[in-house]
Amino acid sequence: MNKNINKPELQAIKLQMNDSHRAYFQEVSKLLYKATDESTRLTEARADRALLQLARQIVRLEAQGRPVEQLLQGPPAAFAEQLVDDIRMRRPRTAQEKLHYYVLIAWSAITWVFFIYMFRGYFSLWLEGTAPVYEISTTLLLLIAALAVASIELMTRFLGTDSRNSKEETPSAPSRRKLSLKSIGMYVVFVVLVSVGGLILDRMLPVFPVTPLQSLIIFAIGLAGQIALFRSSK
């Protein structure tokens, strides 16, 4: 299989880069294609898409007169390892991808909250013969969404690979990242801030009642939206 970058659009974009950025990009490209392996979810097609996206970002920053170093951080080998890790873990890189990613997580978390209310409601109806009405706090839903995003972020960082590998390691054989005290500390601080914010918002945001049937309808709508968001992210 020819792993050289010969896509017309990518070639045209590369010609728009200055010499130093083009050399950096070519080195990252070689390392990224070297790491392609179907068994590790890094296919050549996914490498193509990642490189095209990266090339567009470089050219856009150059055109805006902004420092490209804020994007191309570290030596090519370290940058390529992090890029491989992000692709394997499906970690978003652009602002649009991150927004889509976080909306998907928050949407999914809230959707399954209503599944729990629906299940509890119909289980109570089956046991007691009456359908309960639950009071759901808007603040609670926001807290669940925020904590779901933070938890997934912490989990993907832990499951990813460490970009600070030894010199003998390559992007095709990355090591497992260790969960650092800094990551745990940041998560704890985030949880505390979100909880404090929730206490403040709890007095301002409304509480609304839902029946098991209403929970079922909301869950069905949420599940359909979750599937659509997931398909669009693929």
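Scan the range 159-173 and give yes if some residue there is of a type in the set (Gly, Ala, Ser) and either modelled with pLDDT of 90 or more or under 28 Å from LEU223 (Cα atoms) (or both), otherwise no. Walk me through it before giving the result.
Taking the range 159-173 first, the residues of a type in the set (Gly, Ala, Ser) are 160, 163, 166, 172-173.
Narrowing further to those that are either modelled with pLDDT of 90 or more or under 28 Å from LEU223 (Cα atoms) (or both): 160.
Yes; the residues of the range 159-173 include at least one that is of a type in the set (Gly, Ala, Ser) and either modelled with pLDDT of 90 or more or under 28 Å from LEU223 (Cα atoms) (or both).
Yes/no per residue for (1) of a type in the set (Gly, Ala, Ser); (2) more than 23 Å from the chain's Cα centre (by Cα); (3) at pLDDT below 85:
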position	(1), (2), (3)
LEU10	no, yes, yes
MET17	no, yes, no
GLN26	no, yes, no
ASP37	no, no, yes
ARG41	no, no, yes
GLU62	no, yes, yes
ASP86	no, no, yes
ARG90	no, no, yes
LEU99	no, no, yes
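I'm trying to understand the selection: among the residues of the range 186-234, which are loosely packed, with under 11 Cβ neighbours inside 10 Å, part of a helix (DSSP H, G or I) and touching a residue at least 60 places away in the same chain (Cβ under 8 Å)?
SER232
Do any residues in the range 138-155 that are open to solvent by 30 Å² or more (accessible area, probe 1.4 Å) have Cβ atoms under 8 Å from those of residues that are of a type in the set (S, T, N, Q), where the two are at least six apart or on different chains, and which pairs are they?
LEU143/SER195; LEU154/SER183
How many residues are surrounded by 18 or more Cβ atoms within 10 Å (Cβ to Cβ) and either touching a Cys at 6+ places or on another chain (Cβ under 7 Å) or within 24 Å of ILE227 (Cα to Cα) (or both) when one looks only at the range 113-135?
Final tally of qualifying residues: 4.
Can you report the number of residues in the range 132-158 which are within 30 Å of GLN214 (Cα to Cα) and modelled with pLDDT under 85?
First, the residues of the range 132-158 that are within 30 Å of GLN214 (Cα to Cα): 132-152.
Narrowing further to those that are modelled with pLDDT under 85: 150-152.
The qualifying residues number 3.
Does TYR101 qualify as being in contact with a Lys or Arg (Cβ under 9 Å, 6 or more places away or on another chain), in a helix (DSSP H, G or I) and of a type in the set (Ser, Thr, Tyr)?
On the way: in contact with a Lys or Arg (Cβ under 9 Å, 6 or more places away or on another chain): yes; in a helix (DSSP H, G or I): yes; of a type in the set (Ser, Thr, Tyr): yes.
So TYR101 passes the test.
The values are calculated or read from the model by the stated rules, or taken from the named source; none is laboratory data. Treat the numbers as computed from the prediction; the structure is a model and nothing was measured. Here the Cβ is made from the backbone with ideal geometry for all residues, glycine too, and neighbour counts use every protein chain on show. When the accessible area is computed, the model is the full protein with side chains, heavy atoms only, and any ligands, DNA or RNA have been set aside. Shrake-Rupley method; radii C 1.70, N 1.55, O 1.52, S 1.80 Å.
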